[in-house]
Every structure is written in C-alpha cells, then in structure tokens.
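Peer 1: Sending over a structure as structure tokens; questions will come in a sec.
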Amino acid sequence: MTRPDFDEIINRVGTDCSKWDDMEQGFGVSASDGIAMWVADMDFRPPASVQRAVEAIAAHGVYGYPSDTRAYGDAIRWWLKTRHGWEIEANWILTTQGLVNATGLCIDALTEPGDGIVLMTPVYHAFARVARASGREVVELPLAMHDGQYRMDWDNWRPLMTGREKMLILCSPHNPGGRVWSAEELLEVAAFCEAHDLILVSDEVHSDLVMPGAPRHLVTAKVVPELAPRLVTLNAATKTFNIAGAHIGNMIIADEALRDRIRQRLLALGVKPDMFGPQMVTAAYSPEGAEWVDALVEYLDGNRRIFDEGVNAIPGLRSMPLQATYLAWVDFSGTGMTAAEFTVRVEQGARIAANHGPTFGTGGESFLRFNLATPRARVVEAVARLKKAFADLQ
C-alpha cells in the first residue's frame, strides 16, 4: 500500500460538507479564513480500496436494489476478530443507517416514553438529543475528575437513580474525554446495570482509534459475556475510515430475544442500508484498510502531541490526555473566564470553530472540543492562533 498523504490539504468548501460549509452559520467563523475543528469527521480521503469500490459502482451505472450482504457481514466479523479478538456470529449483526439511528432504535424498541436514559456526562451530545426527542427523561451521572482524566463515580451516582431508568448508554472509548475504559470499569458498569435492571448500549464507534502507548480498547461484550441478555454493542466503520456520509452502522446483539425485539422495529420502520455503504465498509475492513488505519493512528498521535504541547503551554488552558478518538477536550476554567469570554476568543480571535462544551451535558461548561483529524499544518496553525488569542495570559 502506498503510504497515505495525510498532509494533503483537500478543499472541502462548497462540497455539501457540514464541517466547512455550516461553520459560518453555526460559529460565525468563515471558511475563507477559519479552521473547522468541530464536526467529528476527518479531512482525509479514506483508503484507496474504498474509493475503488465506489468507482466500481458508479462505473456500472445502475443503482437498483442491493442483494446479498454476506460479504459485508464477513468483513465485519473478520475485522472484529483480527483487530479486537472478538468472534461473533453473522446473525448477531443488525445494520442501521448510522449509529445515531441505532441509538434511536434501541431507545424506541427497548424503552417507553417517560423512561429514564442514563448518560455519564459530559458525553456525545446526540445521545441526549435523541433520548429527549423520543420523549424519554435524560438522567445525567456526572463523571469525576482525577489526575486530569475522567473516572466513574459510583458512590455519588447511586443516589441519583430514581427507579424509572431503563437504559444506560456507554461511550467506549469516551467522547469527548478520550478515555479507554479498563476491564475493572466495564465490570462495574455491568454490575450497575444488573443492580438497576438497565439495558446497556455500548457505543464503541471510536474503538479503532486508540493512541500508541494507550491502554487497548476492550470490547464490553468480551469483558462481560454474561451481560448478553441486556447488552447491545454499537459499532461502525464510519469514524475509522472517514465514511460517515454513508450513514451505516451496526447493532451487534448476541442474545436472540433481545435481538428480535430490535429486529421487529427495523422491519416496522423499513430500515435498510443503501447499495454504497455495505460495499464501502467491505472494502475498508480489509488488510489494505488495516494498514491505512495503522498509518492514520500514527499521524493522529503526532497531531495530538503538537496540539497538547502548544495548548498546555498557555496559562489557564488544559487539554485532557487523549487515549483514543481524534477529539481534544480542552478545559478553559483556569483562565477565570466565562464560557462566553473564552469562546469568543477562540471563534472571533483565533477564527477556529470548536464544539461548545455545554452541549455534552453536565460537566462540559468550561470546555471546548477540538477535532485534530486534519492536516498537520492546520493543527500547527490552530495552536499559533490560540496562543495569540490568549497572549495576554502568557
């Protein structure tokens, strides 16, 4: 495989790209002079194998109903076995139109309006958005901070439970904190779900993006196989290979009764993948794709080191140590500024669009989230701009 050129600047402006084309409307930062570091997709092309698959479909020129998805299922099984040591059966896989869709389907099929959905906050904002839109109550369990990283806080969480809760959504690895949860922590989550009779939805979309030297991602279903009757694992190739626009993901469910409950909702709603997504994923989950991911993670780790070194040198700013994902979670509380004050410096001073911390729930008030999956020159420029924007603190 030819080594990917992650340094290439690809102009995405005007390509119906949310990350760049919606930046000015959402943040007041123009794409003409701004840096998009918000939406969690990458400014890189996927592996050449994926591009070849798309070009082959386009070259044929007929876009009818797709047929057999066995190759897609086999590719998923191969990837999970070779990259994560998790052996699954083909019939455990239920395909959805992305993992936000999968989250909504889990909530719809396995809970009722008014039920509580438990989130460890701050956490990926779509969980709360989908839960509330479904008429469910969001129950926030604020993560504790120890040595600059998030930890689970069971002693303070148990009194927050009311008995109305029916589901816990776990982000593993954690977004936005970048934590890789340990086996001990996953066992504690499982025990908590058993004690409170909760379905556990384990979103593991960032599982392939673990930094060198960090703890290895552990598949929840492998750590606690006995939890199968109440466990749904969410997994997708979309974050790993930058094909989020394909809107394809999977719910992997070992327990037949639990799987049938969700399958019925899929049938009732007519949820099926298009003809592009399965072939893109099949091409990505390959030896060529594996080499590409290894090169990607090495590159992202370099971006992480540059960003953290620069940001942590600014008095009052602290980038949380990143074990996984390409999303830096920066705490501005040390500046003594309000969220409005430090945000305007980032957006109007540095001309950077970053996700606002409060959208991730309780605990995110003093943070911004920065997407580092962009050519290194942009990361270097972002650091320089942040230093300038906060120059009076240095």
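Peer 1: Could you list, in sequence order, the residues of region 88-120 that are β-branched (Val, Ile, Thr), open to solvent by 20 Å² or more (accessible area, probe 1.4 Å) and part of a helix (DSSP H, G or I)?
Peer 2: Of everything in region 88-120, just one residue is β-branched (Val, Ile, Thr), open to solvent by 20 Å² or more (accessible area, probe 1.4 Å) and part of a helix (DSSP H, G or I), namely Val100.
Peer 1: Go over the candidates Leu227, Leu258, Leu266 one by one and state the one that is part of a helix (DSSP H, G or I), surrounded by fewer than 19 Cβ atoms within 10 Å (Cβ to Cβ) and touching a strand residue (DSSP E or B) at 6+ places or on another chain (Cβ under 8 Å).
Peer 2: Exactly one of Leu227, Leu258, Leu266 is part of a helix (DSSP H, G or I), surrounded by fewer than 19 Cβ atoms within 10 Å (Cβ to Cβ) and touching a strand residue (DSSP E or B) at 6+ places or on another chain (Cβ under 8 Å), namely Leu266.
Peer 1: Which one of these is among the basic types (Lys, Arg) and either within 20 Å of Ile262 (Cβ to Cβ) or in contact with a strand residue (DSSP E or B) (Cβ under 8 Å, 6 or more places away or on another chain) (or both): Arg132, Arg83?
Peer 2: Arg132
Peer 1: Here's another thing I want to ask about it. Working only within region 205-251, note down all residues that are within 15 Å of Cys171 (Cα to Cα) and of a type in the set (A, V, I, L, M).
Peer 2: If the condition is that a residue be within 15 Å of Cys171 (Cα to Cα) and of a type in the set (A, V, I, L, M), then Val205, Leu209, Val210, Leu218, Val219, Ala221, Leu231, Val232, Leu234, Ala236, Met251 are the ones that fit.
Peer 1: Follow-up question, since we're still on this one. Specify the residue that is nearest to Leu186 (Cα to Cα); the eligible residues are those in region 139-156 that are of a type in the set (A, V, I, L, M, F, W, C) and either touching a residue at least 40 places away in the same chain (Cβ under 8 Å) or open to solvent by 60 Å² or more (accessible area, probe 1.4 Å) (or both).
Peer 2: Leu143
Peer 1: Can you name the number of the only condition in (1) of a type in the set (Lys, Arg); (2) surrounded by fewer than 19 Cβ atoms within 10 Å (Cβ to Cβ); (3) under 25 Å from Asp22 (Cα atoms) that Arg351 fails?
Peer 2: Of (1) of a type in the set (Lys, Arg); (2) surrounded by fewer than 19 Cβ atoms within 10 Å (Cβ to Cβ); (3) under 25 Å from Asp22 (Cα atoms), only one is false for Arg351: (2).
Peer 1: Mind listing just one residue for me: the one in region 58-79 that is surrounded by fewer than 16 Cβ atoms within 10 Å (Cβ to Cβ) and either of a type in the set (S, T, N, Q) or part of a helix (DSSP H, G or I) (or both) and, of those, nearest to the chain's Cα centre (by Cα)?
Peer 2: The residue in question is Trp78.
Peer 1: With respect to Arg45, determine if the residue is basic (Lys, Arg) and either assigned to a helix (DSSP H, G or I) or closer than 30 Å to Asp153 by Cβ (or both).
Peer 2: No: the conditions fail for Arg45.
Table: residues versus (1) aliphatic (A, V, I, L, M); (2) open to solvent by 70 Å² or more (accessible area, probe 1.4 Å).
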| site | (1), (2) |
| --- | --- |
| Ile9 | yes, yes |
| Phe44 | no, no |
| Ala56 | yes, no |
| Trp86 | no, no |
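Peer 1: Quick test for you: out of Phe342, Phe307, pick the one residue that is over 27 Å from Ile76 (Cβ atoms), in a helix (DSSP H, G or I) and in contact (Cβ under 8 Å) with a residue 60 or more places away in the chain.
Peer 2: Just one listed residue meets the conditions, Phe307.
Peer 1: For region 178-202, give me each residue that is open to solvent by 10 Å² or more (accessible area, probe 1.4 Å) and either of a type in the set (Asp, Glu) or within 17 Å of the chain's Cα centre (by Cα) (or both).
Peer 2: Selection gives Arg179, Glu184, Glu185, Glu188, Glu194, Asp197.
Peer 1: Also, quick follow-up: Taking only pairs six or more apart or across chains, which ones have beta-carbon atoms under 6 Å, a first residue in region 244-260 that is among the acidic types (Asp, Glu), and a second residue that is surrounded by fewer than 24 Cβ atoms within 10 Å (Cβ to Cβ)?
Peer 2: These pairs meet every condition: Asp255/Ala228; Asp255/Pro229.
Peer 1: Kindly provide the set of residues from region 17-42 that are open to solvent by 50 Å² or more (accessible area, probe 1.4 Å) and within 25 Å of Val281 (Cβ to Cβ), ordered by number.
Peer 2: Ser18 - this is the single residue of region 17-42 that is open to solvent by 50 Å² or more (accessible area, probe 1.4 Å) and within 25 Å of Val281 (Cβ to Cβ).
Peer 1: I'm trying to understand the selection: among the residues of region 231-250, which are of a type in the set (A, V, I, L, M) and touching a Ser or Thr at 6+ places or on another chain (Cβ under 6 Å)?
Peer 2: Of everything in region 231-250, just one residue is of a type in the set (A, V, I, L, M) and touching a Ser or Thr at 6+ places or on another chain (Cβ under 6 Å), namely Ala244.
Peer 1: Right, another one. Identify, from the list Asp208, Asp203, the residue that is touching a Cys at 6+ places or on another chain (Cβ under 6 Å) and of a type outside the set (S, T, N, Q).
Peer 2: Testing whether each residue is touching a Cys at 6+ places or on another chain (Cβ under 6 Å) and of a type outside the set (S, T, N, Q) leaves just Asp203.
The values are calculated or read from the model by the stated rules, or taken from the named source; none is laboratory data. Quick caveat: nothing in here was measured; it's all calculated off a predicted structure. Cβ coordinates were reconstructed from backbone atoms using ideal geometry, including for glycine residues, and neighbour counts include every protein chain displayed. Calculation scope for accessible area: heavy atoms of the full protein, side chains included, ligands and nucleic acids excluded. Shrake-Rupley method; radii C 1.70, N 1.55, O 1.52, S 1.80 Å.
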